[in-house]
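Participant: Can you keep this structure in mind? I'll have questions shortly.
The values are calculated or read from the model by the stated rules, or taken from the named source; none is laboratory data. Owing to the predicted nature of the structure, the values given are computational and were not obtained by experimental measurement. Cβ coordinates were reconstructed from backbone atoms using ideal geometry, including for glycine residues, and neighbour counts include every protein chain displayed. These area figures cover heavy atoms from the full protein model, side chains too; ligands, DNA and RNA do not enter into them. Shrake-Rupley method; radii C 1.70, N 1.55, O 1.52, S 1.80 Å.
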Amino acid sequence: MSKLNIYLNFPGTAEEAFNFYRSIFGGDFAAVMRWEHAPDDCGDTSALSEAEKKAIMHIALPIGDGNVLMGADWVGEMGGQLNQGNNFSISYNTHSKDEADRVFNALSEGGNIIMPMADMFWGSYWGLLTDKFGIQWMVDYHPEN
């Protein structure tokens, strides 16, 4: 089944924000990954400060029936400028690679591909784009979901 989830971007406050959200919604984090543990294909993390290395690369909090609030800290030059409008993405989880490619290609028409669809170290087939209306999308296929 396909799902839409919101992905929030923070300027170094993701952990604080997600602890706040967890205090309201309850539950346990499904994932917490830090930039210091990022593999090489995520970019050069050697220039990050010690605080940035401890920052959140990915965090996920299940909320309700099948919803997941996700987020990350934008760090160093990898993050670019965080502004209102790019401080969130819509994450679309598909049921197949073919569906992921179809949706990604359609959404990217007239937009900007940030990271093309590719197999990722966490087990997903994933890509990131901004559509022609300026909305950021993450398209994801994970065989176990």
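Participant: Select, from Tyr125, Tyr141, the only residue that is of a type in the set (Phe, Trp, Tyr), touching a helix residue (DSSP H, G or I) at 6+ places or on another chain (Cβ under 9 Å), surrounded by 11 or more Cβ atoms within 10 Å (Cβ to Cβ) and more than 15 Å from Asn5 (Cβ to Cβ).
Facilitator: Tyr125
Participant: Looking at Gly110, Gly134 in this structure, which one is open to solvent by less than 80 Å² (accessible area, probe 1.4 Å), assigned to a loop (DSSP other than H, G, I, E, B) and free of Cβ contacts under 8 Å to residues at least 24 places away in the same chain?
Facilitator: Unique residue meeting the criteria: Gly110.
Participant: Taking the condition over 18 Å from Asn5 (Cα atoms), at pLDDT 95 or above, hydrophobic (A, V, I, L, M, F, W, C) and open to solvent by less than 60 Å² (accessible area, probe 1.4 Å), does Ala118 pass?
Facilitator: yes
Participant: Return the total of residues in the range 1-41 being touching a Ser or Thr at 6+ places or on another chain (Cβ under 6 Å) and either within 15 Å of Asn87 (Cβ to Cβ) or open to solvent by less than 30 Å² (accessible area, probe 1.4 Å) (or both).
Facilitator: Here the count works out to 3.
Participant: Can you name the residue in the range 1-37 that is assigned to a helix (DSSP H, G or I) and among the acidic types (Asp, Glu) and is also modelled with the lowest pLDDT among such residues?
Facilitator: So, considering only residues that are assigned to a helix (DSSP H, G or I) and among the acidic types (Asp, Glu), the one modelled with the lowest pLDDT is Glu36.
Participant: Also: Do we have Gly66 as in contact (Cβ under 8 Å) with a residue 24 or more places away in the chain, surrounded by 13 or more Cβ atoms within 10 Å (Cβ to Cβ) and small (Gly, Ala, Ser) here?
Facilitator: Criteria not met by Gly66.
Participant: Okay, moving on. Does Pro62 qualify as being modelled with pLDDT under 85 and within 30 Å of Glu99 (Cα to Cα)?
Facilitator: When the stated conditions are applied, Pro62 does not pass them.
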